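The values are calculated or read from the model by the stated rules, or taken from the named source; none is laboratory data. Please read these numbers as outputs of a predicted model, since none were measured by experiment. Cβ atoms come from the backbone with ideal geometry, glycine included; neighbour counts cover every protein chain shown.
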Ligand SMILES: C[S@@+](CC[C@H](N)C(=O)[O-])C[C@H]1O[C@@H](n2cnc3c(N)ncnc32)[C@H](O)[C@@H]1O
């Protein structure tokens, strides 16, 4: 029995947990029906991220296909679509995907409601996973990572503690992240031990009041 199970509480399925977060506005709200949190809206966080990822996307002579896993309220994705051949945005929350379909339209944009830990994922050149894995258990992350290694590039963004930390402490999937345990995700370390060709830090934003960093890394897989 691991420490997560010792009080005998069975975690909620991730789909239910994520639905509840949006229904109860546990990541806050800005008077819109769906709100994915400050990390998806604060200009000082969002603008440098969009600039860095746009530069990467524009570096290709021919536009490429992007798969955005856990696209949330799409405040970020909406500014990347224009730099792609095709943009497929996926989330586990059905009502959110329905809302996004109504509110964000482009000829090269598609939305799909999928559980990225369980379902088969569409093909693409690059996969974007921004502040999603930080909310998930190690078991779900393992399932997702197995699928990610079929994509040539992964752009992974995670909220991490300042300075050194013990990586990959397990959590129950939901609203919280590993930061509360002074931990954060490192896919190259156990239990994940991912093998990649190269890694490049695209961005590392220091949050005020020692609230950690939001780091974006580009992995070239093959
Ligand atoms: C904190 S939000 C980040 C949203 C967006 N990536 C951004 O940076 O603005 C995390 C999102 O991941 C989605 N998510 C969590 N687990 C998922 C899963 N297993 N499959 C698909 N989406 C998932 C949640 O519903 C939520 O919208």
Practice task
Please find, within the stretch 171-194, the residue that is nearest to residue 41 (Cα to Cα) out of those that are loosely packed, with under 13 Cβ neighbours inside 10 Å and free of Cβ contacts under 8 Å to residues at least 12 places away in the same chain.
Solution key: 180
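Condition check ((1) within 7 Å of the ligand (Cβ to nearest atom); (2) over 15 Å from residue 157 (Cα atoms); (3) surrounded by fewer than 13 Cβ atoms within 10 Å (Cβ to Cβ)) across all residues:
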{"site": "18", "(1), (2), (3)": "yes, yes, no"}
{"site": "26", "(1), (2), (3)": "no, yes, no"}
{"site": "34", "(1), (2), (3)": "no, yes, no"}
{"site": "38", "(1), (2), (3)": "no, no, no"}
{"site": "47", "(1), (2), (3)": "no, no, yes"}
{"site": "54", "(1), (2), (3)": "no, no, no"}
{"site": "60", "(1), (2), (3)": "no, yes, no"}
{"site": "73", "(1), (2), (3)": "yes, yes, no"}
{"site": "78", "(1), (2), (3)": "no, yes, no"}
Exercise for the section: Starting from the stretch 48-74, keep only residues that are under 16 Å from residue 123 (Cβ atoms) and at pLDDT 95 or above, then list their pairs with residues that are more than 11 Å from the ligand (Cβ to nearest atom) and part of a helix (DSSP H, G or I) whose Cβ atoms are within a distance under 7 Å, requiring at least 6 positions of separation or different chains. Expected result: 63/83; 64/57
Fill in the blank from the handout: The residue from 124, 117 that alone is part of a loop (DSSP other than H, G, I, E, B) and within 14 Å of the chain's Cα centre (by Cα) is 117
Fill in the blank from the handout: residue 89 vs (1) part of a loop (DSSP other than H, G, I, E, B); (2) under 27 Å from residue 123 (Cα atoms): all pass except (1)
Fill in the blank from the handout: Looking across the stretch 142-163 at residues that are part of a loop (DSSP other than H, G, I, E, B), at pLDDT 95 or above and out of contact with any helix residue (DSSP H, G or I) (no Cβ under 7 Å at 6 or more places or on another chain), the single one that is surrounded by the most Cβ atoms within 10 Å (Cβ to Cβ) is 151
Exercise for the section: Within the stretch 92-114, count every residue that is without any contact (Cβ under 8 Å) to a residue 12 or more places away in the chain and outside any helix (DSSP H, G or I). Expected result: 2
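Quick one: which of 102, 139 is within 13 Å of the ligand (Cβ to nearest atom) and surrounded by fewer than 15 Cβ atoms within 10 Å (Cβ to Cβ)? Please lay out each step first, then the result.
On the way: 102 fails: within 13 Å of the ligand (Cβ to nearest atom).
Going through 102, 139 in turn, the sole match is 139.
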Practice task
Consider residue 2 carefully, then state whether it is surrounded by fewer than 17 Cβ atoms within 10 Å (Cβ to Cβ), at pLDDT below 95, more than 20 Å from residue 89 (Cα to Cα) and within 13 Å of the ligand (Cβ to nearest atom).
Solution key: no
Problem - Conditions (1) within 11 Å of the ligand (Cβ to nearest atom); (2) in contact with a helix residue (DSSP H, G or I) (Cβ under 9 Å, 6 or more places away or on another chain): number failed by residue 97 - result: (2)
